[in-house]
Amino acid sequence: MSDERFGLVAGRYLLRSRLGHGGMGRVWLARDEMLERDVAIKEVAPPTELSAEEGELLRALILREARAAGRINHPHVVKIYDVIQTELWPWLVMEYIPSVTLQKAVESDGAMSPVEVAKIGLDVLEALTAAHEAGVLHRDVKPDNVLLCDDGRVVLSDFGLATLDTDGKVTRTGQLGTPQYVAPERARHGISSREADMWSLGATLYAAVEGRSPYGRESVLETLSALAIDDPDPMRRAGPLEPVLAGLLRRDPAERTGPERLAEQLRQVVAGDAVTPLPVRETPPRPDRISAKTVAAGLGALVVTVAAGLALTAGDHVVPRGIGTETATAPATGLAACDAVPAVSNAVPTDVPPPPGELPLLAGWDWFINVKDFRTGVPKSWRYWFSGDTVCFGDPNSTRVLAVIKGTPALETLPGYRLVAREEIYRAEPEVEWEFTYAGRG
């Protein structure tokens, strides 16, 4: 291999000019002197020195991209021609496609028409279907990875986060992808699946027709928080694409539009026909849906109940209570135990560092850590007190309350709450996560 920037690479590829660059390297236009054709070469060049572990991970990601894309032979997927092993990092030799990314096209020309976006969606759907049939999950579908080619093609690129999954089952891995375009189950549990790729396709098409992503926020933490609890931002430009995108952006993976139905809907948009939306599954009245997460450390069980209106949702748990009322003589279970606030309560400690394995909380929240029992995030300025076996947290300026109960009370003792999911997970230590719907007072 030549040490000269514009010399022969691997005795065969002549570097000509730089096509682009990113945080981890550059992409070059080169000439394959042996086959006399233009190619693109991805040169990996990390901005800082990496540890041995980080270096191995990066090499694995490069080879993963080559192997994943190499399994797919489709006109809407960028082709990988060769992998060059060097003293430092592998280089990827790829199909050269004169093009602009969908992201840059929207930034320069503005939001696209529903028909244009539907045509792009059909091509990317073909690429994803070919990848899935080859046992490959892309895991990073976004406008930056969709190429609008000079020859009229639409090509899906950058399989650097892809996983090889020959039986179609979900996979788990540490690389998240781009938060604004990642499915809720990937952001929350690290679960990758074909349905998660479909969500990302929906978010990508949403950005193309609306000019912004469905969960665009100022920071990563704000984006992930909105993704966890909010519906996608309202659509204003999507027109006939609105029911199509709504079907892709459903929170439950099992309810999302499948490839065949999606192709039919997109063709209807292109033809100007009415789009039949997916049927909406009937659910019980759900004024507030919350996902309350508390870590149980060493306990056989811990039940978390959250009054509707905690910063996670909208609305208050309406209970006749206020700071300064007398403590109940016989505390009930859960929220009922927190109805009466003692004359003296405790301020939640501030600026508590995150426990091992946890990320910092959103601005305005603090960790509350009960070393023996549990830990949870609590809004700043909240107070806490104990009522029997219940730890109560309350907002001194409203009726919002959170109750943490030690033990295993029956769900019927938690009025208005219905258990949706309970999952044992492991990060820095064993944890348990509960998710409830709340349809009680408030």
Note to self: For the range 27-55: of the residues being among the charged types (D, E, K, R) and at pLDDT below 75, which is surrounded by the most Cβ atoms within 10 Å (Cβ to Cβ)?
What the structure shows: Glu54
Next item on the list: Go through the range 33-45 residue by residue and tally those that are assigned to a loop (DSSP other than H, G, I, E, B) and in contact (Cβ under 8 Å) with a residue 12 or more places away in the chain.
Entry: 3
Notebook entry, point to check: In the range 46-113, which strands (runs of 3 or more DSSP E) lie fully inside it and hold 1 or more residues that are more than 26 Å from Ala203 (Cβ to Cβ) and among the aliphatic types (A, V, I, L, M)?
Noted result: 80-84, 91-95
Notebook entry, point to check: Among all residue pairs at least 6 apart or on different chains, which show Cβ distances below 7 Å where the first residue, located in the range 233-256, is closer than 13 Å to Met198 by Cβ and the second is surrounded by 18 or more Cβ atoms within 10 Å (Cβ to Cβ) and polar (S, T, N, Q)?
Noted result: Val244/Gln265; Gly247/Thr257; Leu248/Thr257; Pro253/Ser193
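Let's see how each residue does on (1) surrounded by fewer than 22 Cβ atoms within 10 Å (Cβ to Cβ); (2) aliphatic (A, V, I, L, M):
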position: Trp91; (1), (2): no, no
position: Tyr96; (1), (2): yes, no
position: Gly110; (1), (2): yes, no
position: Leu122; (1), (2): yes, yes
position: Ala130; (1), (2): yes, yes
position: His138; (1), (2): no, no
position: Val141; (1), (2): no, yes
Item checked: Failed item, numbered, when Gly152 is tested on (1) at pLDDT 90 or above; (2) surrounded by fewer than 19 Cβ atoms within 10 Å (Cβ to Cβ); (3) in contact with a strand residue (DSSP E or B) (Cβ under 9 Å, 6 or more places away or on another chain); (4) not in a helix (DSSP H, G or I) -> (3)
Next item on the list: Scan the range 114-147 residue by residue and report those that are small (Gly, Ala, Ser) and either within 20 Å of the chain's Cα centre (by Cα) or assigned to a helix (DSSP H, G or I) (or both).
Entry: Ala118, Gly121, Ala127, Ala130, Ala131
Note to self: Give me the residue from the range 273-305 that is in a loop (DSSP other than H, G, I, E, B) and either modelled with pLDDT of 95 or more or among the acidic types (Asp, Glu) (or both) and, out of that set, nearest to Val117 (Cα to Cα).
What the structure shows: Asp273
Checklist line | Unmet criterion (only one of (1) more than 12 Å from the chain's Cα centre (by Cα); (2) surrounded by fewer than 21 Cβ atoms within 10 Å (Cβ to Cβ); (3) not aliphatic (A, V, I, L, M)) for Tyr206 | finding: (2)
Check: Failed condition for Ala118, given (1) closer than 23 Å to Val27 by Cβ; (2) touching a helix residue (DSSP H, G or I) at 6+ places or on another chain (Cβ under 6 Å); (3) at pLDDT 95 or above, with all others met?
Finding: (1)
Item checked: Sole exception among (1) farther than 26 Å from Trp199 by Cα; (2) in the same structural domain as Arg16 (by TED's automatic domain parsing) for Asp151, by number -> (2)
Note to self: Kindly evaluate Ala332 against the criterion of being surrounded by 11 or more Cβ atoms within 10 Å (Cβ to Cβ) and at pLDDT 80 or above.
What the structure shows: no
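The values are calculated or read from the model by the stated rules, or taken from the named source; none is laboratory data. Everything numeric in this text was worked out from a predicted model, so none of it was measured. Cβ sites come from the backbone with ideal geometry, for glycine too, and all protein chains shown count toward neighbours.
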